[in-house]
Amino acid sequence: MRIALVHDWLTGHRGGERVLEHLARRFPDAHLYTLFHVPGRVPAAIERLAIETSPLDRLPLAHRHYKKLLPLHPWAIRRFDLHGYDFVLSTSHAVAKSVPVPEGIPHLDYCFTPMRYVWDQIDEYLGRGLRRALAAPLVAALRRFDRRTSGPDAVTRFVAISSEVASRIRRHYARDANVVAPPVDVSWIEVAQAPADPFFLLVSGFVPYKRDDVAIESFRRSGRRLVVAGDGPGQRALARGCPSNIEFVGRVDDATLAELYRRCRALIHPQREDFGMIAVEAQAAGRPVIAFGAGGVLDSVVPLRSPDSEETGADREDEETGGAKPPPTGLFFDRQDPAALEQAILRFEKAESRFHPPDLRRWAERFAPARFDAALDAEIAACLGGKRP
């Protein structure tokens with residue numbers, strides 16, 4: 001089969017590019033279509049594909065200001081010609097799923113999320129003031145385009161990375177989507193053998209919806225030690241004026257990140273994430289996750305219901321243990337504010353002994369690439385057969 005892969009842009013190595021990297025290894029002869037490509041910013045498995053970019057990629061300074069070209073993204077994605085392929089697989093959080101697909105060619109979209117900055121997280125990106133008002137015509141136009149290119153004639157089958165994203169697809173596109181969690185390779189992470197060091201860990205890309213400000217302010221108040229790893233556009237502003245108990249270490253390599261996972265008491269996860277690979281990685285190291293209880297963590301973390309209760313695990317059935325509830329791998333807080341996070345940390349400290357590294361590791365291994373491959377293969381087979389979820 002001649003396969004076309006479509007991805008929004010290749011400007012960094014984040015969660016979406018990790019999924020694309022895995023697909024590139026599975027389909028090394030596929031052709032890849034993307035709006036922008038900054039050579040060297042993505043893994044070699046992706047770079048080895050035959051990559052075709054949009055006309056926007058050739059504009060001066062496009063690689064630095066590609067997000068500012070958002071009003072032109074719909075036009076650019078429609079410039080690709082996918083005649084001659086047998087199957088199209090898009091991985092999308094913006095406009096990749098809107099690529100024009102010739103009639104009769106099956107198109108499966110592995111959806112990271114509908115465009116978050118015009119739908120569910122518009123407040124985080126645009127606020128509610130003048131900026132939001134000025135952007136209203138653009139937001140309305142992008143929403144119309146997004147819906148218009150989401151029907152069965154454009155996307156044969158949607159697959160969502162989490163229950164949260166499946167709900168968004170249903171709400172915004174009136175389409176159903178089965179859930180296939182992303183492949184999370186944890187083979188590079190060893191499970192903790194020693195007691196934790198006295199610090200908590202935050203790993204972030206410092207974009208608005210990550211809500212790093214909630215964690216920073218909570219730890220500023222409490223004086224507990226927080227290590228912050230990663231970089232991004234909002235990092236400098238958050239780091240300015242932080243007390244000595246909050247340490248920014250910047251972008252780190254995999255070996256250093258694995259060590260931070262093993263050594264920390266828990267991962268702090270204040271955002272409403274589409275899925276949250278970082279939460280799975282921390283659990284693979286045997287460390288629990290203190291998370292805002294919404295979004296992808298509802299699929300990837302088993303919450304402790306009550307520190308005082310003997311009940312351990314979520315109200316969900318487990319197909320691998322005959323319906324038994326898995327042991328807890330974290331706990332949730334219900335508001336994205338510093339006080340709610342502080343209360344969650346206090347509950348965690350009361351129940352810290354209830355989290356056992358081997359249990360957390362076993363849970364994280366459920367998201368292994370082999371499981372993803374089997375589930376995605378079934379979705380591709382259904383898409384080629386013309387079936388719907």
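Things worth noting here:
- Charge tally for residue 26 (other residues, Cβ to Cβ under 12 Å; Lys, Arg +1; Asp, Glu -1): -3.
- Residues 122, 77 arranged by fewest to most Cβ contacts within 10 Å: 122, 77
- The mean sequence distance of close C-alpha pairs (under 8 Å, at least 6 residues apart), as a share of the length of the chain, puts its relative contact order at 13 percent.
- Taking volume of the Cα convex hull per residue in Å³ as calculated from this structure, the corresponding entry among (1) 557; (2) 132; (3) 143 is (3).
- Cβ-placed point charges (K, R +1; D, E -1), dipole of region 1-158 about Cα centre in debye, nearest 20: 560 debye
- Percent RCO, i.e. relative contact order, over region 200-366, from Cα pairs under 8 Å lying at least 6 residues apart: 22 percent
- For residue 304, distant residues with modelled amide H under 5 Å away: 329, 330, 331, 332
- Per DSSP, loop trypsin sites (Lys or Arg not before Pro) in region 197-247 with at most 15 further Cβ within 10 Å: 240
- Highest mean packing first, where packing is the average number of other Cβ atoms within 10 Å per residue, the peptides 192-198, 343-349, 289-295, 38-44 line up as 289-295, 343-349, 38-44, 192-198.
- Amide H contacts of residue 273 (H built 1.01 Å from N, under 5 Å, at least 5 apart or other chain): 296, 297
- Cβ charges +1 (Lys, Arg) and -1 (Asp, Glu), total dipole of region 200-366, debye: 680 debye
- Within-13-Å neighbourhood charge of residue 154 [Cβ basis; K, R +1; D, E -1]: +2
- Three-way shape label, region 46-194, alpha-carbon gyration tensor, a/c 1.5: rounded
- Under-5 Å amide H pairs with residue 51, H placed in peptide plane, nonlocal only: 32
- Within-10-Å neighbourhood charge of residue 245 [Cβ basis; K, R +1; D, E -1]: +2
- Restriction of the chymotrypsin sites (Phe, Trp or Tyr not before Pro) in region 155-253 to DSSP coil positions whose beta-carbon has at most 16 other beta-carbons within 10 angstrom yields 188.
- Projecting the Cα atoms of 142, 11, 341 onto the charge dipole of the chain, computed from C-beta unit charges around the Cα centre, puts 142 farthest toward the positive end.
- Every helix of 4 or more DSSP H residues in the chain counts as -39500 (n - 2.57), and over all residues that averages to -10000 deg cm²/dmol at 222 nm.
- Within region 127-203, the trypsin sites (Lys or Arg not before Pro) that combine a DSSP coil assignment with at most 11 other C-beta atoms in a 10 angstrom radius are 128.
Just so you know, all these numbers are worked out from the coordinates, no wet-lab data involved. Only a predicted model underlies this, so the values are computations on that prediction, with no experimental measurement involved. Counting neighbours? That spans all protein chains shown, and the Cβs are built from the backbone with ideal geometry, glycine included.
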